[in-house]
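Below is one structure; the comments refer to it alone.
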Amino acid sequence: MRESQRVAWEPVLLPAPWEGALIPVSGFPAPEDEARLLRQLVGEVARSLAQQWKLSSQVFIQLVPMLSGVGAPQVTENGRKWIPMPGLGVWPDREPPTLWTAEELWMLAPGQTPRPMMYQVMQVSVEESRDHARDVMLGLGTIVQMMTTGSADEILQKGRDSLLPPIKDPALTGFPLYMTLLEKKSLGGVSSDQLAAWLCGACVYIRESTEDQGILIISSKPLTALVESLAR
């Protein structure tokens, strides 16, 4: 990237061998000029890591940012190419998701909105279309990409094995897949082993985090020098 197009980023301190970066975004959805630069940077980071370490990927589309209609036309237009599969995003550093209770809704003050009941996602099931889905949707606040040295399907199996058991509400235990949601706050004080367990076999995690108003990147492979060189 040219200096006039420099993308800002902030280091995220993590226990070795993990490295992290947060790329601030002016807002989601990002203006097109900004989104174009973000797609270029994130795409180059993902491709460089994949090529160097022979990584395979899963790509997920977060539905919460789409509730206002953001991203829906893109998903509809590309549905046959991506064949999205439904799933549930789980925050491993939070209490397991539950449905609203009658008491909880009764206690809401006038005008107060209830907590998010669940964080649904869609998995891009067509392997050859995952990078395309990321490039189309990035900048809208919807994308999560998880990369692994093994089979991409192992992320789905380990996600189910790790994230499903703590969920006790029967209405939330029937999703075809479960995947990890993390924000910067999730990483405070986390150990290397705990982070590896949360990531369900992934060694690279890229998430558009509306909570952080940025793109969070976590990697057990060398990341900082790569992001620094590509962001210039």
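The values are calculated or read from the model by the stated rules, or taken from the named source; none is laboratory data. All of these numbers come straight from a predicted model, not from anything done at the bench. Glycine also receives a Cβ, built like all others from the backbone with ideal geometry; neighbour counts cover every protein chain displayed.
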Gln58 meets each of (1) surrounded by 20 or more Cβ atoms within 10 Å (Cβ to Cβ); (2) closer than 24 Å to Pro116 by Cα; (3) not hydrophobic (A, V, I, L, M, F, W, C) with one exception, condition (2)
Identify all residues within region 147-194 that are closer than 24 Å to Gly214 by Cα, outside any loop (DSSP other than H, G, I, E, B) and polar (S, T, N, Q); write none if there are none. Thr148, Thr180, Ser186, Ser192, Gln194
Those residues that are of a type outside the set (Asp, Glu), touching a helix residue (DSSP H, G or I) at 6+ places or on another chain (Cβ under 6 Å) and farther than 16 Å from Pro65 by Cα, I need them from region 80-99; list them, please. Lys81, Trp82, Pro92, Pro97, Leu99
So Arg160 passes all but one of these: (1) among the charged types (D, E, K, R); (2) crowded, with 16+ Cβ neighbours inside 10 Å; (3) at pLDDT below 95. Which condition number does it fail? (3)
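So that you can scan it fast, the table gives a plain yes or no per residue for (1) free of Cβ contacts under 8 Å to residues at least 12 places away in the same chain; (2) surrounded by fewer than 17 Cβ atoms within 10 Å (Cβ to Cβ); (3) out of contact with any helix residue (DSSP H, G or I) (no Cβ under 6 Å at 6 or more places or on another chain); (4) of a type outside the set (Val, Ile, Thr):
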| residue | (1), (2), (3), (4) |
| --- | --- |
| Leu182 | no, no, yes, yes |
| Ser186 | no, no, yes, yes |
| Gly189 | yes, yes, yes, yes |
| Cys200 | no, no, no, yes |
| Tyr205 | no, no, yes, yes |
| Glu208 | no, no, yes, yes |
| Glu211 | no, yes, yes, yes |
| Gly214 | no, no, yes, yes |
| Pro222 | no, yes, yes, yes |
Going through region 202-232 one residue at a time, which ones are over 17 Å from Leu14 (Cα atoms) and within 16 Å of the chain's Cα centre (by Cα)? Glu208, Ser209, Thr210, Glu211, Gln213, Gly214
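Taking into account only those residues within region 103-146 that are under 30 Å from Gln40 (Cα atoms) and part of a loop (DSSP other than H, G, I, E, B), which is farthest from the chain's Cα centre (by Cα)?
In this case the residue turns out to be Val126.
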When both residues are 6+ apart or on different chains and their Cβ atoms are under 8 Å apart, which pairs have a first residue that lies in region 26-42 and is aliphatic (A, V, I, L, M), and a second that is at pLDDT below 95 and exposed (fewer than 15 other Cβ atoms within 10 Å of the Cβ)? Leu37/Met1; Leu37/Gln5; Leu41/Met1
Being touching a Leu at 6+ places or on another chain (Cβ under 6 Å), touching a residue at least 60 places away in the same chain (Cβ under 8 Å) and not in a helix (DSSP H, G or I): is that true of Pro92 here? no
Being hydrophobic (A, V, I, L, M, F, W, C) and assigned to a helix (DSSP H, G or I) is the filter here, so list the residues in region 195-226 that pass it. Leu195, Ala196, Ala197, Trp198, Ala225, Leu226
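Being in contact (Cβ under 8 Å) with a residue 24 or more places away in the chain, more than 15 Å from Arg47 (Cβ to Cβ) and over 17 Å from the mean Cα position of the chain (by Cα): is that true of Ile167 here?
Yes.
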Are any of the residues in region 81-89 exposed (fewer than 15 other Cβ atoms within 10 Å of the Cβ) and part of a helix (DSSP H, G or I)? yes
Sort through Leu67, Leu99 and tell me the only one that's in contact (Cβ under 8 Å) with a residue 12 or more places away in the chain, loosely packed, with under 15 Cβ neighbours inside 10 Å and not small (Gly, Ala, Ser). Leu99
For the structure I just gave you, tell me whether Ala46 is buried (at least 18 other Cβ atoms within 10 Å of the Cβ) and either part of a loop (DSSP other than H, G, I, E, B) or without any contact (Cβ under 8 Å) to a residue 12 or more places away in the chain (or both). no
